[in-house]
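Trainee: Before we start, here is the structure in question, set down as structure tokens.
The values are calculated or read from the model by the stated rules, or taken from the named source; none is laboratory data. The model shown is predicted, which means the values in this text are computed figures rather than measured ones. No Cβ is skipped: glycine too gets one built from the backbone with ideal geometry, and neighbour counts run over all protein chains shown. Heavy atoms of the whole protein, side chains included, go into the accessibility calculation; ligands, DNA and RNA do not. Shrake-Rupley method; radii C 1.70, N 1.55, O 1.52, S 1.80 Å.
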Amino acid sequence: MTKTYAHIAALCVFVASAASAQQIPIGRIDAMPNIPAPYEMRDWKKTALSYDSLVFVSDREGEHLPLRAIVTSTVNYPNHPSFGMPTYVGTNSPKQYEAINQLPAVISGALVGVDKRTQGGRDWALMSEEFFNRRPAENVYLNAPSSTSGSDWWYAVMPNVFFYQLASLYPGTGDYAAQFRTVADRWHTAVAAMGGNAAPWRRPSMQYRGWYLSTMTPNASGVPEPESAG
């Protein structure tokens, strides 16, 4: 048996053992109801639809409204416009748009049945690709259209996680197919630079604040965020 198969067999045994484990009875916990009464679940689909309508459909004007703007001075894909949403209502930097806010907004609408490719005569999925920093030094989704990786794992990794979800909902959109592969290749190269390897198996070191894709070197200052391995 090869080492790889041995690892797989050990994992299967571990999972099977975990699945057969039983919770130890605790009297006070057992006395609690599985569902409290009275209990009312918020209608989250209605909430998502209301939010989507407020942001993407409504053109109402007023304090802090509207909550999105059409951006024509695009950087990465100048052949089509993008859009921008303030990070939070009432911000002092209304044109500071973030991928970790905008991509989930498009995704949430899609998940509750809104076709974000045609809503209001606009393709919000296509306009989202402006967050792909199309420069050889980066070539991944980042939190702003013109940004750099390295300052924080969160802002370098999460926009790509959201993009993969968006690409699964709207495959074939714009440059999604090429971006999908490029993102994977860039992070594969980064993991190898961190010391990771598949054969022979070797775990990468991610005890860093962030990772500079431009130089494939770590940001070792500040608080490390090894949970980025997830």
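Trainee: When a/c is below 1.5 the answer is rounded, else prolate if a/b is larger than b/c, else oblate, so apply that to segment 87-153 with a ≥ b ≥ c taken from the square roots of the Cα gyration tensor eigenvalues.
Mentor: oblate
Trainee: If you roll a 1.4 Å probe over segment 108-230 with all protein chains in place, what percent of the accessible area is carbon or sulfur?
Mentor: Its accessible area is 58 percent carbon and sulfur atoms.
Trainee: Met216 to Met41: FRET efficiency via 1/(1 + (r/R0)^6), r the Cβ-Cβ distance, R0 41 Å, to the nearest 0.05?
Mentor: About 0.30, to the nearest 0.05.
Trainee: Mind listing the long-range amide H neighbours of Val71? Cut-off is under 5 Å, sequence gap 5 or more, other chains count too, H placed in the peptide plane at 1.01 Å from N.
Mentor: Ser82, Phe83, Gly84
Trainee: Still on this structure: If you put +1 on each Lys and Arg Cβ and -1 on each Asp and Glu Cβ, how big is the dipole of the chain around its Cα centre, in Debye rounded to 20?
Mentor: Once rounded to the nearest 20, the dipole reads 520 debye.
Trainee: For the chain, what does -39500 (n - 2.57) per DSSP helix run (n ≥ 4), summed and divided by total residues, give at 222 nm, in deg cm²/dmol to the nearest 500? If you can, show how the numbers build up before the last one.
Mentor: Working: 7 runs with 83 residues, N = 230.
Mean residue ellipticity, 222 nm, calculated: -11000 deg cm²/dmol.
Trainee: Let me ask something additional. Under 19 Å Cα-Cα from Lys116, which aspartates and glutamates qualify once same-chain neighbours fewer than 8 residues away are excluded?
Mentor: Asp52, Asp59, Glu98, Glu129, Glu130, Asp175
Trainee: Would you pull out the residues with amide H under 5 Å of Arg135's amide H, same chain only if 5 or more places away, H placed 1.01 Å from N?
Mentor: Placed amide hydrogens put Val140 under 5 Å from Arg135.
Trainee: What accessible area per residue comes out for segment 153-201, rounded to a whole number of Å², with a 1.4 Å probe?
Mentor: 52 Å²
Trainee: Applying a 10 Å radius around every beta-carbon, put 151-161, 188-198 in order of their mean neighbour count, most first.
Mentor: 151-161, 188-198
Trainee: Amide H neighbours of Tyr212 under 5 Å, at least 5 residues apart or on other chains, H built in the peptide plane: list them.
Mentor: Long-range HN contacts for Tyr212: Thr217, Asn219.
Trainee: Show me, for segment 129-141, the HN-Hα J-couplings you get by feeding each phi into the Karplus relation (A = 6.51, B = -1.76, C = 1.60, θ = phi - 60°), rounded to Hz, glycine and proline as x.
Mentor: Result, ordered by residue: 5, 4, 7, 7, 6, 7, 9, x, 5, 10, 6, 9, 6 Hz.
Trainee: Among rounded, prolate and oblate, which fits the chain when a ≥ b ≥ c are the square roots of the eigenvalues of its C-alpha gyration tensor, a/c under 1.5 means rounded, and a/b larger than b/c means prolate?
Mentor: Working: a/c = 1.99, a/b = 1.18, b/c = 1.68.
Taking the square roots of the gyration eigenvalues as a ≥ b ≥ c, the chain is oblate.
Trainee: Of the options Ser147, Met194, Ala110, report the single residue whose Cα projects farthest towards the positive end of the charge dipole of the chain (beta-carbon charges: Lys, Arg +1; Asp, Glu -1).
Mentor: Selected residue: Met194.
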